[in-house]
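The values are calculated or read from the model by the stated rules, or taken from the named source; none is laboratory data. Computed from a predicted model, the values in this text were never measured in an experiment. Because the Cβ atoms are built from the backbone with ideal geometry, glycine has one as well, and the counts that use them run over all protein chains shown. Calculation scope for accessible area: heavy atoms of the full protein, side chains included, ligands and nucleic acids excluded. Shrake-Rupley method; radii C 1.70, N 1.55, O 1.52, S 1.80 Å.
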Amino acid sequence: MTLLDVYFEEYIAIVNHLLTVKIPEESKDPLVKENSIFVSKEVLFSLFSKNPYKKNTDKLICWNKLHLIDSDEGRLTQKVYIDNGPRVRRIVINRKTFELISSLKEKEV
């Protein structure tokens, strides 16, 4: 298994976890919407820490370079509005990208 395989396996596992985790509604972290998942860096880093083959920041930088997350230019996060509140910085996972990668990973060649 290559390092790229490990990155994609971890990405798929983390996003699947974020999609299925039950959180109190007032928490809004992670916040799952139709096309995106908004998650704080702290929550994502706690999930990264379960598989410590690289530093958490290095993993996030790689996700950004692979376009697995949406971010503001020069940043690893994006400013977003959550339920008409103030703008906050969150890691934004595009669900369409996730669905594409997940389906490609499942197909045999």
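Can you tell me which of (1) under 20 Å from residue 98 (Cα atoms); (2) touching a helix residue (DSSP H, G or I) at 6+ places or on another chain (Cβ under 7 Å); (3) small (Gly, Ala, Ser) is the one residue 13 doesn't meet?
Just one mismatch for residue 13, condition (2).
Filter the stretch 2-32 down to residues that are free of Cβ contacts under 8 Å to residues at least 12 places away in the same chain, out of contact with any Asp or Glu (no Cβ under 8 Å at 6 or more places or on another chain) and assigned to a loop (DSSP other than H, G, I, E, B), then give me how many there are.
Residues flagged as free of Cβ contacts under 8 Å to residues at least 12 places away in the same chain, out of contact with any Asp or Glu (no Cβ under 8 Å at 6 or more places or on another chain) and assigned to a loop (DSSP other than H, G, I, E, B) within the stretch 2-32 amount to 7.
Can you tell me which residue within the stretch 18-71, out of those that are β-branched (Val, Ile, Thr) and out of contact with any helix residue (DSSP H, G or I) (no Cβ under 7 Å at 6 or more places or on another chain), is surrounded by the fewest Cβ atoms within 10 Å (Cβ to Cβ)? Don't jump to the end; show me each part of the working.
First, the residues of the stretch 18-71 that are β-branched (Val, Ile, Thr): 20-21, 23, 32, 37, 39, 43, 57, 61, 69.
If we keep only those that are out of contact with any helix residue (DSSP H, G or I) (no Cβ under 7 Å at 6 or more places or on another chain) too, we end up with 20-21, 23, 43, 57, 61.
On the way: 20: 8, 21: 11, 23: 13, 43: 18, 57: 12, 61: 13.
That would be 20.
Residue by residue through the stretch 1-17, note down the ones that are open to solvent by 70 Å² or more (accessible area, probe 1.4 Å) and charged (D, E, K, R).
Within the stretch 1-17, 9 is the sole residue that qualifies.
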